[in-house]
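To start, the structure itself, in structure tokens.
Where a number appears in this text, it was derived from the coordinates with a stated rule and is not lab data. In this text, all values refer to a predicted model and were calculated from it rather than measured experimentally.
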Amino acid sequence: MNGIDPYKPGESVYECVSCSRQIRTDGHLSSCEECGGEVRNIAVPRE
Ligand SMILES: [Zn+2]
């Protein structure tokens, strides 16, 4: 029994600190795909 886990394993959500774009990826992301800015890993947003 794992209970309820809203986090999808293997999927990360990053937010660009420059343009605030949120990017989902199943891997590692080091820069914004839109503007090339710095990104930070954030919690998975509610859907
Ligand atoms: Zn950006």
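For the reader, a short list of remarks on this structure follows.
- Couplings for region 28-42, taken from phi via the Karplus curve 6.51 cos²θ - 1.76 cosθ + 1.60 with θ = phi - 60°, read 9, 10, 10, 8, 5, 6, 8, 10, x, x, 6, 10, 10, 7, 10 Hz in order; Gly and Pro are left as x.
- Remark: region 13-23, residue by residue, has Karplus-estimated 3J(HN,Hα) of 10, 10, 10, 6, 7, 8, 10, 6, 5, 9, 10 Hz, where x stands for each Gly or Pro and the curve is 6.51 cos²θ - 1.76 cosθ + 1.60 at θ = phi - 60°.
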